[in-house]
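Shown next, in C-alpha cells, is the structure this report addresses.
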Amino acid sequence: MSGAAAARVAELRSEIARHNKLYFELDSPQISDAEYDRLMQELKALERQHPELITPESPTQRVGGQPAGKFAKVRHSVPMLSLANALADEDVIDFVERIRRFLKLGSGVQIDFTAEPKIDGLSLSLRYERGELVSGATRGDGSEGEDVTANVKVVADIPHRLSGGGGLPEVSEVRGEVYMTRSAFLALNEQQARAGRSVFANPRNSAAGSLRQLDPSITAGRPLGFFAYAWGEMSARPARTQWGMLEWFAQRGFKTNPLAQLRHSVEQLLAFHREMELKRATLDYDIDGVVYKVDRLDWQQRLGFVSRDPRWAVAHKFAAQRATTVVKAVEIQVGRTGALTPVAKLEPVTVGGVVVSNATLHNEDYIRTLDVRIGDTVTVQRAGDVIPQVLGVVRERRPQDAQPYQFPQICPCPLKTRVVREQTAAGEQGAIARCSGEFACPHQRIEHLRHFVSRHAFDIEGLGEKQITLFFEQGWIKEPADIFTLAARNRAIQLEEHEGFGEVSVRKLLAAIEARREISLERFIYALGVRHVGETTARALARGYGSWSALHAACLALAQGDVEARQEMDAMDQIGATVIESLASYFSDQHNAGIVERLTAQVRVRAAERPARDSALAGKTIVFTGSLEKMTRDEAKALAERLGAKVSGSVSKKTDLVVAGPEAGSKLKRAAELGVRVLDERQFLELVESG
Ligand code: IVH
C-alpha cells in the first residue's frame with residue numbers, strides 16, 4: 001500500500017511542480033485554482049497518512065502561512081476596471097458625442113482629455129498608508145487580485161515611500177502598468193534559452209511571469225518598469241483633473257508616461273492616435289493603442305460606469321495584425337443555433353505572435369464576395385481576442401488549380417437536413433444558413449451543452465468539449481438536466497470503465513458537477529443559450545428581475561403575448577426588441593420549456609445581488625417623466641441604477657416613485673390615479689444625497 005502511496009505522492013509533487021512552473025514562470029496556467037487546490041489537498045492527505053513520505057522539498061512543507069505555490073488573494077477596496085474599446089475613428093467620435101449628451105454640454109463647450117499610450121503590460125494596484133508602501137496587488141478579476149507585495153518592492157520604478165513630504169493622504173492607492181522593455185525581454189529569453197529553460201512569448205507574458213515569482217529575488221533580477229496612470233482608494237483627492245493626478249504621481253516619485261498629453265478636441269485625439277501608431281515601432285516597450293480620459297474629475301464622477309467600463313474613458317486600439325497564408329480547405333461548423341459557419345483551414349502562420357491555422361469566412365456571401373478559393377493565398381487578421389478572420393485574397397498568387405468552394409446545400413450533420421437561408425426582418429434572404437434540424441440535430445445539441453458548461457456559464461470543470469461529445473454520443477447526457485442526474489443514474493461505474501477516466505477523475509468530475517448545483521442568476525440565464533442573450537444582457541436581466549421565478553414568470557408572460565410584461569422589459573436598460581423577441585420565442589417553444597423545467601428541478605438559482613442595498617433608492621422602481629434640468633434623463637437613470645433602483649418606462653402598480661420635471665404629462669396623471677409618490681428633480685437629488 002505504502003508503495004502505491006509513495007508513487008502517487010511522487011506523481012502529485014511532480015504535477016504540482018509542473019503547474020507551478022506554468023503559472024509562475026510561463027504565466028500560462030493549464031488548470032484552475034480549484035483544481036490546483038485539489039492536487040495539494042490530496043498530497044496533504046497522503047502525507048498525513050504516511051508521514052514517512054514527507055520531505056523538506058515537498059510543496060506542503062514551505063513556510064509562510066500560504067500553501068506553497070500560491071499568492072494570497074486581496075480584495076480591491078475600489079474595483080480595478082477595464083476599458084471599452086474603440087476600433088475605428090467613428091467609435092471615438094461616438095464616445096465624445098455620448099459624453100456631450102450625457103453631460104448636456106452644447107457643441108460649443110470644450111471637453112479636455114488626457115491622451116495616453118496604452119501600455120501592454122499588466123495592471124497593478126499599490127497601496128500607501130501615510131506615505132508608506134504597504135501592499136501591492138495584481139488586477140485579478142477586477143474585484144480580487146493576488147498579493148504581490150514582496151515582489152513589487154523589488155521593482156525599481158515603485159517607490160517604497162511617497163516623496164515630496166507634507167500633505168500625504170492617509171490612504172492612497174496608485175495604479176498603473178508593470179511592463180518589460182523589449183530589449184530586456186529579448187535578453188531574458190536569450191538567457192533562458194541558454195540555460196535550457198522555456199522562453200516567453202512576448203514582453204507582456206514575461207512581465208507577468210517575472211512579477212508573479214514566489215521568490216522575490218528572481219523578480220529583482222528581472223528588469224521591470226512601472227508607469228502610474230490611475231488610482232483606487234484615496235482618502236483625499238490631490239487634484240481636480242486627470243492631468244493634475246498624473247502630475248501628482250510624478251511629484252510623489254512615480255514615472256508617468258512621457259508621451260501622455262492633454263488634448264482638446266476629437267480631431268486632436270485622432271491625431272494623437274496616428275502619431276502614436278507611427279511612434280510605436282521606435283518605442284522600447286509595447287503599446288497596443290491609446291487611452292483617452294475626460295480630464296475633469298467632477299465630470300468623470302458624473303459620467304460613472306456602464307457595467308465595468310467607465311463612460312469617461314476609452315481605449316483606442318491600433319489596427320489588428322495581419323499576415324498572409326494559404327487556404328488548404330474549407331470546413332463547415334454547425335453552431336449552437338444551427339448556423340453554418342465556413343472556416344478556412346490554413347497553412348499555419350504567425351500573426352502578432354500567435355499561430356493561426358483556422359480563420360472564419362463568416363458565411364456563404366462573404367466567400368462569394370471575396371471569391372476565396374481553395375489553394376488561394378489570403379490575408380488573415382487577428383484583433384484582440386476575437387476569432388481570426390480572412391480579409392481578402394492575394395489574386396496575383398492564385399494557382400492555376402485553385403478550387404472554387406461550393407457551399408453545401410445539405411447540412412454536414414448526421415441528419416443531412418436541407419440547409420435553409422434565414423429571412424431578415426424585412427423578409428429578404430439573410431446571410432446566415434442554418435441546419436433545419438433544430439433539436440434533432442446532434443451538432444446543435446452538443447454545441448448547446450458545450451455552451452452550457454462553458455467558463456462564463458456553468459463552468460463545470462472536467463466537462464469540456466471532448467467529454468461532452470463523448471457523453472452525448474454514449475447517450476448519457478442529452479440535455480443540461482442530465483448532467484446533474486449523472487451520479488444518481490450511476491453512470492460513474494460505466495465512466496470508469498471508459499478509457500481515460502480513472503477513479504479520481506470520475507470522483508472529481510462528479511464533485512465539480514455537485515459544486516455547480518447552486519448557481520448565480522446571471523450565469524444561469526447566460527447558460528440557457530437563448531439567442532441574443534449574451535453575458536451583458538444576462539447580467540442586465542438578472543439585476544432587473546432579481547430572481548429566477550420573477551424572470552421566468554415574465555418570460556412566460558412574454559411568450560403569451562402579454563403587453564405589460566413586454567413594456568416592463570422594454571423599459572430596462574440594455575434590453576431591446578431583439579432580446580425580447582428572442583426570449584418570447586424561446587419560452588413559447590414546448591421543447592425549451594421542458595428543458596428549463598427539468599433543469600430547474602436539479603439546480604438552485606441564487607437571487608441576484610442588488611447593488612447598494614442600503615441606499616434610499618435600493619430596490620425601488622422609478623419612472624422619470626418630463627424634462628430634467630440638472631442632468632439628462634440618461635444620467636438620472638444611471639444614477640438611480642447605481643443606487644440599486646430599477647428604472648421603468650411606464651407607471652404601473654409596481655412603481656414606487658415618479659420623478660417629474662416640467663412638461664410631465666400622462667405619466668404624472670397615472671401616478672396620481674394610482675397614488676404613487678411623485679418627486680421633482682430637486683427632491684429626487686435630495687433623496688439621493690440622503691444616502
Ligand atoms: S486606465 C478606469 N490607462 O489597459 C481606467 N489603462 O483595457 C482603468 N492600460 O486594465 C485603466 N495603459 O491594464 C489606463 N494609460 C492607461 C493604460 C491602461 C494600459 C491597461 C490597463 C487596463 C487595460 C484596460
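Structure data summary
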item: Three semi-axes of the equivalent ellipsoid, the range 583-691, Cα gyration tensor, whole Å, largest first; result: 34, 18, 12
item: Gain upon complete extension [Ala195, Arg489; 0.36 nm per residue less C-alpha separation]; result: 100.6 nm
item: Residue-averaged [θ]222 nm for the chain, counting only DSSP H segments that reach four residues, each worth -39500 (n - 2.57); result: -11000 deg cm²/dmol
item: Length added when fully stretched, Arg161-Gln268, from 0.36 nm per residue minus Cα-Cα; result: 34.9 nm
item: Cα-Cα over 26 Å, subset of Lys44/Lys478; Lys104/Lys293; Lys104/Lys255; result: Lys44/Lys478; Lys104/Lys255
item: Positive-end residue, the chain charge dipole about Cα centroid, Cβ charges, pick of Val9, Thr469, Pro480; result: Val9
item: Over the range 132-244: Rg over Rh, Cα atoms, Kirkwood Rh; result: 1.02
item: Rounded to the nearest 20 debye, dipole of the chain from Cβ charges on Lys, Arg, Asp, Glu; result: 300
item: Gyration tensor (alpha-carbon) shape descriptor, the chain, a/c threshold 1.5; result: rounded
item: Selection from Thr369, Ala207, Ser505, by position along the positive dipole direction of the chain (Cβ); result: Ala207
item: Which listed pairs, of Lys70/Lys153; Lys630/Lys654; Lys73/Lys637; Lys70/Lys508; Lys21/Lys73, have C-alpha distances above 23 Å, in listed order; result: Lys630/Lys654; Lys73/Lys637
item: Distance between modelled label sites at Thr350 and Phe305, nm, 7 Å Cα→Cβ extension; result: 3.8
item: Amide proton proximity set for Gly430, modelled H, under 5 Å, gap of 5+; result: Glu422, Gln423, Thr424
item: Cut-off 20 Å (backbone N to label point 7 Å along Cα→Cβ of Arg101), residues of the range 628-671; result: 628-642, 647-650
item: Simple label model, 7 Å out from Cα along Cβ direction - Ile387 to Ala220, nm; result: 4.9
item: Given 15 as the ceiling on other Cβ atoms within 10 Å, longest exposed-site-free region of the chain for GluC sites (Glu not before Pro) in DSSP loops; result: 171-427
item: Heavy-atom surface of the chain, accessible at 1.4 Å and reported per residue (Å²); result: 49
item: Tyr229 long-range amide H proximity, modeled H, under 5 Å; result: Arg175, Gly176, Glu177
item: Inter-centroid distance (Cα atoms) of the range 616-691 relative to the range 163-205, Å; result: 49
item: With every protein chain in place, the range 44-138: carbon and sulfur % of accessible area (1.4 Å); result: 51
item: Cα shape, the range 79-195, gyration tensor, a/c 1.5 rule; result: oblate
item: FRET efficiency, Ser32 to Gln400 (Cβ-Cβ, R0 45 Å, nearest 0.05); result: 0.30
item: Computed lengthening from Arg368 to Arg130, 0.36 nm per intervening residue step minus Cα-Cα distance; result: 79.1 nm
item: For Glu144, residues with placed amide H under 5 Å, excluding near neighbours; result: His76
item: Label point distance in nm, Ala250-Glu686, each placed 7 Å from Cα along Cα→Cβ; result: 4.6
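The values are calculated or read from the model by the stated rules, or taken from the named source; none is laboratory data. From a predicted model like this one, the values you see are computed outputs, not experimental measurements. For neighbour counting, all protein chains shown are included, and Cβ atoms are generated from backbone atoms with ideal geometry for every residue, glycine included. Heads up: the accessible areas ignore ligands, DNA and RNA and are worked out on the full protein's heavy atoms, side chains in. Shrake-Rupley method; radii C 1.70, N 1.55, O 1.52, S 1.80 Å.
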